[in-house]
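Q: There's a structure below that I have some questions on.
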Amino acid sequence: MLIHYLKIAFRNLWKYKTQSIISIIGLAVGFVCFALSLLWIRYERSYDDFHEGADRIYLVRNENKFEVSGISRTTPYPLAAYLKEAFPEVEASCNAWVRPDQPINVNGIKYTVFFASIDSSFISMFNVKLVEGNYDFLIPESKNIAITEDLARSLFGNENPIGMTINMSSDESTICAIVENWPKHSNYPIQMFRPDSPIIRWNVSAWQTLIMLKPGVNTDQFAEKLYECKIEANNSTFNNILITPITTLRYDNPALDAGIEVQFRYVFLFTLVGGLVVICALFNYLTLFASRFRMRMRELALRIVCGASGESLFALLSTEFIITLFISLLLGMLSIRLLLVPFQKLSNVYLSISKIYLESSLYIGIVIILSLAIFLALLLMFRKRTLNTSINRINRNIFRKTSVIFQLIISIGFIFCSTVIMKQMYFLHHTDMGFRFDNTAMVSIYPVPPDIEVFENQIQQIPEIIETLKSYTTLMPYRTGVVWNINEWDDKPADASGFFADIINISEAYVKFYDLRLLEGEILYDHDSQESVLINESAAKVMGWNQPVGKSLKKGTTTVTIKGVLKDIHTSPTLTTRPAIFEKPNDTRTEVLFRYMEKNWENCRLKIEQLIKREYPGSTLYLTNANEAYDNFLKSETALLKILSFASLVCIIISVFGFFSLVSLICEERQKEIAIRKINGASMQNILWMYFKEYFLLLAIGALIAFPAGYLIMKRWIEQYIQQTTISAWIYLSILLVLSGIIILCVGWRVYQVARQNPAEVVKAE
């Protein structure tokens, strides 16, 4: 009997092959998106969960206006010991000085490792186990280091590394120990350990402070208690202390440059997209199934007459759907294999292929079970009635129209969101940022070259480089090493509080290089004194100045005079511009800014690397590109745009072919009605309009739901940016025109094919 069901199922799938192919592809795409996104979410939420007591380990930081993000990345060294002594809730504490991209040199070959300076408290808290050697790498000020088993194998192969040396920052360190591998699935994938060199001062923040709470501690109460704590020592104040679970650090205010390509909230959107694609494909299939159910009325009635039971018909129809799901599953798993490399590059999910297949299969299985449950519920609904009753119910077209509207809502929503994101991305890449950073870059080396003038001249000789400039810092990526707390200025209101201002070194050449815009006053000339400064719009606004030129403020113990006001520069799409004071540079310029010929970055980069290797062997090169740095801000948006664009395309294809298939089935079902209308004098235009108005009405209903929902979602999304595009009326009109054109082509062509037949022959055949 099963073989019989399979034969009939495959025969029907082949008979309606266009509809079947579209349903299978749509379900497969939805399965892949949904499964990979769930895999991604689970992976992101399981960082550092391998540590014993991981749910009780927290990173300690504090609110800090000196940081662009408003939250410190580092803390003072004495904080760990203080928390252990002052708070009975703390079971253990430790410090770690970390560097994710520490350059090292082994036998003339350069590598980059994740490096940490630690003490014995770190070893015990994280249970770092010794494989070989001794714990001399914990002796303060020693040159001994420990490396993991994987790093040892990578650097030295099968050779025993104990006693060998590694050159690190021009210093030689000796390997005295091999420790167990620290899994890469961590916010701290440490490969090399070195003894800490503590600075017992509260005004120096350079360490990661980690604590482990005792079992049963109320985390919320402890966090509130810690935040209210105010530490005063050595003429320094440390307060507003925050804690973040180490297991959520990956996506909750990350403290390290973890290489995250996509923000965590967008991963949830990825899951939602996959789920909606599955639902769209499922509704499309069920709509076509309901239409085919009516067309197979005679076949099913004949089977009942011939003795077929309700259970056998139920099994027959279920087999067809199960085969569709099974083929979709196979196609989905094949797609996962083909997409594995780009997916891992985007998500940083590095699991074995077998684990990815196993977990993806589990998630796809859950979706299949839910899909099957919906399908079986529909069949049971039909089974409770007689065949004719079920057919008459289907004839009401309620389910079919609801399904079409739902597919239109999803399709319109995806297209609308993709268009708005694309418009915002274009706007961010072409709007005025207040300065010119395109085709600029920064180069520096360590150790610092003895003559920066010679180094600049060598860079300038590269043919692809247009101009160079010795500088202390770059504006893109934005880095300012000095922040001042400004508390005194002219005309300060009595109720005004102080503010933090970035101190940026500039010169005439610097202003010209970045094309900084002067709004008022004059720029700083080379002959101006150090007491003359410029400020930006944000600083003038904070101090309440309408005409800042000539006014004074106090920077530390020095009184400076405002010579001019520069237009605010936007160095990040999402962060507000901070108050800034621009002053003449000092003599510690160690970097070289340069502008290169458009579309020549790769050649320029290669020649700089060759220059450094030839002229400064053994030095570490630091090279940043402004365009790449800005694009890094938009990684998540770029990934989301790709995902939504792909989902939009899939949903449009599903909807278009669904329309076409549905219209084909309906025309086949109603060809006698069309023939009678023609005999009674209906024109081709009348018949086409009869169909058009039905689908245009469905399109209007879908648009009335999708557009307001899409507007609310995208309006909130756009508000996260400092500079925002508008959601223009042409977006709505364009989407409606495109979808209307698709409906006209799909419906019109198929109805025309049926309507052009000889009506007499059609009626006679019926």
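The values are calculated or read from the model by the stated rules, or taken from the named source; none is laboratory data. Computed from a prediction, not measured in an experiment: that's the story for all the values here. Here the Cβ is made from the backbone with ideal geometry for all residues, glycine too, and neighbour counts use every protein chain on show. Each accessible area value is taken on the protein alone, full model and side chains, heavy atoms only, with ligands, DNA and RNA left out. Shrake-Rupley method; radii C 1.70, N 1.55, O 1.52, S 1.80 Å.
Q: Taking the residues in the range 440-471 that are in a loop (DSSP other than H, G, I, E, B) and of a type in the set (Asp, Glu) as candidates, determine which candidate is modelled with the highest pLDDT.
A: Step by step, filter the range 440-471, then rank; the result is 464.
Q: List the number of the failed condition for residue 135; all other conditions in (1) of a type in the set (Ser, Thr, Tyr); (2) under 14 Å from residue 113 (Cβ atoms); (3) open to solvent by 70 Å² or more (accessible area, probe 1.4 Å) hold.
A: All conditions pass for residue 135, except number (2).
Q: Let me ask something additional. Only residues in the range 18-47 that are acidic (Asp, Glu) count as the first member; pair them with residues that are assigned to a helix (DSSP H, G or I), Cβ under 7 angstrom, at least 6 apart or cross-chain, and list the lot.
A: Cβ pairs passing all conditions: 44/264; 44/267.
For every residue, the table says whether it meets (1) closer than 19 Å to residue 621 by Cβ; (2) open to solvent by 30 Å² or more (accessible area, probe 1.4 Å); (3) assigned to a strand (DSSP E or B); (4) among the aliphatic types (A, V, I, L, M).
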{"position": "408", "(1), (2), (3), (4)": "no, no, no, yes"}
{"position": "411", "(1), (2), (3), (4)": "no, no, no, no"}
{"position": "425", "(1), (2), (3), (4)": "no, no, no, yes"}
{"position": "432", "(1), (2), (3), (4)": "no, yes, no, no"}
{"position": "438", "(1), (2), (3), (4)": "no, yes, no, no"}
{"position": "473", "(1), (2), (3), (4)": "yes, no, no, no"}
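Q: Go through the range 694-722 and report how many residues are hydrophobic (A, V, I, L, M, F, W, C), open to solvent by less than 60 Å² (accessible area, probe 1.4 Å) and within 18 Å of residue 641 (Cβ to Cβ).
A: Looking only at that region, the number is 3.
Q: Scan 607, 599, 554, 613 and give me the residue that is outside any loop (DSSP other than H, G, I, E, B), more than 24 Å from residue 452 (Cα to Cα) and open to solvent by 20 Å² or more (accessible area, probe 1.4 Å). Step through it out loud before you land on a result.
A: Values: 607 fails: more than 24 Å from residue 452 (Cα to Cα); 599 fails: outside any loop (DSSP other than H, G, I, E, B); 613 fails: more than 24 Å from residue 452 (Cα to Cα).
One residue alone meets the criteria, 554.
Q: Pairs under 9 Å by beta carbon, first residue without any contact (Cβ under 8 Å) to a residue 12 or more places away in the chain in the range 692-711, partner of a type outside the set (Asp, Glu) and open to solvent by less than 20 Å² (accessible area, probe 1.4 Å), six or more apart or different chains?
A: From the range 692-711, the pairs are 694/747.
Q: Can you list the strands (runs of 3 or more DSSP E) lying wholly within the range 499-547 that have 3 or more residues being open to solvent by less than 10 Å² (accessible area, probe 1.4 Å) and without any contact (Cβ under 8 Å) to a residue 60 or more places away in the chain?
A: 532-536
Q: Could you tell me which of the residues 682, 675, 760 is surrounded by fewer than 14 Cβ atoms within 10 Å (Cβ to Cβ), at pLDDT below 75, hydrophobic (A, V, I, L, M, F, W, C) and over 14 Å from residue 416 (Cβ atoms)?
A: After applying the criteria, what remains is 760.
Q: For the condition farther than 26 Å from residue 518 by Cα, among the aliphatic types (A, V, I, L, M) and in contact with a Lys or Arg (Cβ under 7 Å, 6 or more places away or on another chain), what is the one hit in 623, 611?
A: 623
Q: Being aliphatic (A, V, I, L, M) and either at pLDDT 75 or above or surrounded by fewer than 17 Cβ atoms within 10 Å (Cβ to Cβ) (or both) narrows it down to one residue among 226, 256, 269; which is it?
A: On the way: 256 fails: either at pLDDT 75 or above or surrounded by fewer than 17 Cβ atoms within 10 Å (Cβ to Cβ) (or both); 269 fails: either at pLDDT 75 or above or surrounded by fewer than 17 Cβ atoms within 10 Å (Cβ to Cβ) (or both).
Of the residues listed, the single one that is aliphatic (A, V, I, L, M) and either at pLDDT 75 or above or surrounded by fewer than 17 Cβ atoms within 10 Å (Cβ to Cβ) (or both) is 226.
Q: Taking the condition of being in contact with a Pro (Cβ under 7 Å, 6 or more places away or on another chain) and modelled with pLDDT of 90 or more, how many residues in the range 156-177 meet it? Before you say what the answer is, go through the steps one by one.
A: So in the range 156-177, the residues in contact with a Pro (Cβ under 7 Å, 6 or more places away or on another chain) come out as 170, 175.
Then drop every residue that is not modelled with pLDDT of 90 or more, which leaves 175.
Of the residues in that region, 1 qualify.
Q: Output the number of residues of the range 570-592 satisfying the condition of being farther than 13 Å from residue 489 by Cβ, open to solvent by less than 20 Å² (accessible area, probe 1.4 Å) and among the aliphatic types (A, V, I, L, M).
A: 2
Q: Tally time: how many residues in the range 223-232 are touching a residue at least 60 places away in the same chain (Cβ under 8 Å) and in a loop (DSSP other than H, G, I, E, B)?
A: Let us first name the residues in the range 223-232 that are touching a residue at least 60 places away in the same chain (Cβ under 8 Å), namely 225-226, 229, 231.
From what's left, in a loop (DSSP other than H, G, I, E, B): 229.
Selection size over the range 223-232: 1.
Q: Follow-up question, since we're still on this one. Residues in the range 475-489 that are open to solvent by 60 Å² or more (accessible area, probe 1.4 Å), over 28 Å from residue 596 (Cβ atoms) and assigned to a loop (DSSP other than H, G, I, E, B): how many?
A: 1
Q: Can you tell me which of 113, 128 is of a type outside the set (S, T, N, Q), in a loop (DSSP other than H, G, I, E, B) and either more than 20 Å from residue 188 (Cα to Cα) or in contact with a strand residue (DSSP E or B) (Cβ under 7 Å, 6 or more places away or on another chain) (or both)? Step through it out loud before you land on a result.
A: On the way: 113 fails: in a loop (DSSP other than H, G, I, E, B).
Every option except 128 fails the conditions.
Q: Condition first: among the basic types (Lys, Arg) and within 13 Å of residue 459 (Cβ to Cβ). Now tell me which residues in the range 596-613 satisfy that.
A: Result: 605, 607.
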